[in-house]
Amino acid sequence: MRRTVVTMPGDGIGKVVLPQALRVLEAVGFEANYVHADIGWDCWTHEGNPLPDRTVQLLKEHKLGLFGAITSKPKREAEAELAPQLRGQGFTYFSPIVAMRQLFDLDICIRPCRTFPGNPLNFVRRQPGGGFEEPFVDAVVFRQNTEGLYSGIEWLDPPPPVRAALASHAKFKPFVNIPGEDLAVGCRVITRAGAFRIALAAFRYARKHGYGSVTVCEKPNVLRDTSGMMEDEARKARESYPEIDLRFTNIDAQMMWLTKDPEKYGVLVASNLFGDILSDAFAGLVGGLGFACSGNVGAEVAVFEPTHGSAPKYEHLDPPIVNPIAMILSAAMLLDHVGENARANAIRDAVAAVVKEGKVRTYDMLRMPGGAEAIKRGAATTTQLTDAILQHLRVPVLA
């Protein structure tokens, strides 16, 4: 079946790396129609909406998306960059990728963080007797994608009904007399249904891919009710997967342990903010955000994206210098999602071959500062790295 994929380059280097992923998808034999959709900062500044209705309608219709990157700025900067005729009209910037996740209930976020042997950016550990070892990291973070602190429920100068509700809690007593303009409040929202679904998805993945454990990374000793609910629902989800170990760690301790023995972890589960932090930390052990892919999956719609930002300072460099691997691996995740596993594995194998060979490396892989000078110092361009992946690509023969 020929599918239609909604392509959303967005801002900055999203416009650079997404076309490279499309080159790889075409070369591996994935037959699809690609429909461009607008999203991001330009839409905000000119329309007051970074996620236009026309893009929403395309996703509703085709249910499959590839996303590049977006630029987000604090409230005052966002307001200042609106077109003059839109200022003071009540427009409020909200991250379009977060809005997209909530609108389509893309509550399951999957972020694989796996070592590519030969990557000079891989985590290494000093051995007690001297020398170094490079453990193989194969962690997959399942992040609850629509709740938690990213739910967007915040107030600066909370209105009287909100203050009254907060005042009913004994822990709010120290803040009762703080003037409204000096008080900002955000809500961490966890639901049983959301917590159960993300835990269940993690166990399903662990069984399917042969992982022996699922680790819940929360903070129940402080966030007793919200993190406690995450842990309770993970216990319920585990009832159907008795062969898989269920472990619990505090998120702060986990951040220390993953830099000591990251190879001990398989599938990990966390609420929205904790999952975001955890996945970036693990990504740093396997090459950084240039290798960090992800999928946002709901019951009907799925959108795949690299987890790096828009890095606008690199958008207009000619030739481009940014690493396209995270975007290409996100495209491979899209293939997995639609059942094209052989093609997805062919892409990952080609990436692995290029990394191991070590002849073509972008500036980040060479530990160079970014900028135009990187090419003169021997770094590969974005296009050259994609070319190398295409040269190693072995298109599977499918029955």
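The values are calculated or read from the model by the stated rules, or taken from the named source; none is laboratory data. Predicted model only: the values in this text are computed from it and were never measured. Glycine gets a Cβ as well: all are built from the backbone with ideal geometry, and neighbour counts include every protein chain shown.
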Against the definition (surrounded by 13 or more Cβ atoms within 10 Å (Cβ to Cβ), within 30 Å of residue 210 (Cα to Cα) and touching a residue at least 60 places away in the same chain (Cβ under 8 Å)), how does residue 66 come out, yes or no? yes
Wholly enclosed helices (runs of 4 or more DSSP H) of the stretch 190-302 bearing at least 3 residues acidic (Asp, Glu) and over 25 Å from residue 126 (Cα atoms): 226-238
The listed residue being of a type in the set (Lys, Arg), surrounded by 14 or more Cβ atoms within 10 Å (Cβ to Cβ) and closer than 30 Å to residue 287 by Cα, out of 264, 260: 264
So residue 1, is it touching a residue at least 24 places away in the same chain (Cβ under 8 Å) and either closer than 23 Å to residue 293 by Cα or assigned to a loop (DSSP other than H, G, I, E, B) (or both): no
Return yes when residue 180 is touching a strand residue (DSSP E or B) at 6+ places or on another chain (Cβ under 8 Å) and either farther than 30 Å from residue 283 by Cβ or surrounded by fewer than 16 Cβ atoms within 10 Å (Cβ to Cβ) (or both) and no when it is not. no
In this structure, does residue 319 turn out to be assigned to a loop (DSSP other than H, G, I, E, B) and either crowded, with 18+ Cβ neighbours inside 10 Å or in contact (Cβ under 8 Å) with a residue 24 or more places away in the chain (or both)? yes
Take the stretch 360-392 and flag every residue that is closer than 18 Å to residue 287 by Cβ and of a type in the set (Gly, Ala, Ser). 370, 374, 379, 380, 388
Checking residue 12 against (1) in contact with a strand residue (DSSP E or B) (Cβ under 6 Å, 6 or more places away or on another chain); (2) surrounded by 20 or more Cβ atoms within 10 Å (Cβ to Cβ); (3) not in a loop (DSSP other than H, G, I, E, B), which test does it fail? (3)
Restricting attention to the stretch 349-386, and to residues there that are more than 19 Å from residue 318 (Cα to Cα) and among the charged types (D, E, K, R), which single residue is surrounded by the most Cβ atoms within 10 Å (Cβ to Cβ)? 349
When residues of the stretch 379-399 are filtered for being in a loop (DSSP other than H, G, I, E, B), modelled with pLDDT of 95 or more and of a type outside the set (D, E, K, R), how many remain? 4
Would you check if there is a residue in the stretch 91-110 being free of Cβ contacts under 8 Å to residues at least 40 places away in the same chain, in contact with a helix residue (DSSP H, G or I) (Cβ under 9 Å, 6 or more places away or on another chain) and in a helix (DSSP H, G or I)? no
Test: residue in the stretch 354-363 that is in contact with a strand residue (DSSP E or B) (Cβ under 7 Å, 6 or more places away or on another chain), assigned by TED's automatic domain parsing to the domain that holds residue 28 and in a loop (DSSP other than H, G, I, E, B): no
